[in-house]
Amino acid sequence: MSVIYILWLRELKRYVRSRVQIIVSLGQPMLYLLVLGFGLSPVFQRAGYGNYMQFIAPGVIGMTVLFSSIFSGLGLLWDRQFGFLKETLVAPVPRLQIMIGRTLGGATVAMIQGSLVAVICVIAGFRPGNLATAPFALGFMALIAIVFSALGVAIGSSLQDMQGMQLIMNFLVMPIYFLSGALFPLTGLSRILSWITAADPLSYGIDGMRSMFLVGITRFGAATDLAVLVIVGAVFLIIGAYRFSKIEI
């Protein structure tokens with residue numbers, strides 16, 4: 001357990017020391033929140049869906065957690081390129097503990113960034129429907145972070161160089177975000193698009209946060225959201241642990 005704690009603390013210290021990363025990581029969420037939140041709000045209201053700022057805020061928080069957790073896992077590529085990963089792997093400790101420590105570290109960093117964006121959302125005008133359920137929304141945020149940190153570790157363990165990162169961004173991360181219901185309601189979609197969004201793990205994370213922040217607004221139901229995230233998280237952790245165990249020094 002000490003190895004897990006050390007690697008978790010290392011990821012956290014790396015993030016805290018990078019003040020530029022903290023500031024830059026807030027740029028894209030603020031762009032989505034302010035431009036889309038205020039720009040599309042009149043259209044959203046005329047369509048009968050209410051305040052768009054209320055709707056999009058959980059999606060922007062989910063986007064922040066998704067990007068941060070995925071790329072913290074892909075940080076394995078940087079460590080491999082500069083030799084830090086080799087120093088970790090030659091240590092006389094099980095690789096499973098190393099993988100868990102990196103996953104939890106990446107998830108913690110994603111949680112911090114998601115919390116910062118949540119504060120910005122409140123400043124911009126987002127108001128949770130019930131403060132009593134807000135801590136449960138943080139629980140869904142943590143599940144999103146763990147699920148996609150584990151996926152990031154699995155992908156980072158499978159890639160050999162940095163050239164594959166652009167493909168991962170274009171063909172995996174962005175579709176996961178745009179098909180999650182973060183920017184638009186998942187009701188009234190075509191059958192094929194409904195199936196695709198239902199297969200997106202992030203859909204359940206954002207729906208879970210939205211159901212906790214805005215009580216009563218849900219597509220799948222909070223219990224379904226929780227069950228899917230736990231199952232998918234366990235699967236990604238198993239896959240990530242397997243792929244990490246196959247890394248060659």
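The values are calculated or read from the model by the stated rules, or taken from the named source; none is laboratory data. All values derive from a computational prediction rather than experimental measurement. Ideal geometry is used to build each Cβ from the backbone, glycine not excepted, and the neighbour counts take in all protein chains shown.
For the reader, a short list of remarks on this structure follows.
- Within segment 84-125, the set of residues being closer than 17 Å to GLY62 by Cα and more than 20 Å from the chain's Cα centre (by Cα) comprises ALA124 only.
- Search result, residues across segment 233-249 that are in contact with a Leu (Cβ under 9 Å, 6 or more places away or on another chain) and at pLDDT 90 or above: GLY233, PHE236, ILE239
- Residue match in segment 113-130 (condition: in contact (Cβ under 8 Å) with a residue 12 or more places away in the chain and within 16 Å of GLU248 (Cα to Cα)): no
- Residues of segment 118-166 that turn out to be crowded, with 19+ Cβ neighbours inside 10 Å and part of a loop (DSSP other than H, G, I, E, B), as a count: 2
- Residue that is surrounded by the fewest Cβ atoms within 10 Å (Cβ to Cβ), among those in segment 36-82 that are β-branched (Val, Ile, Thr) and out of contact with any Phe, Trp or Tyr (no Cβ under 6 Å at 6 or more places or on another chain): VAL43
- Put simply, of GLY208, GLY181, GLY221 the only residue that is at positive phi and under 17 Å from the mean Cα position of the chain (by Cα) is GLY181.
- Residue check for THR133: more than 23 Å from LEU26 (Cβ to Cβ) and of a type in the set (Val, Ile, Thr): yes
- Test for SER115: is it assigned to a helix (DSSP H, G or I), closer than 29 Å to THR224 by Cα and modelled with pLDDT under 80: no
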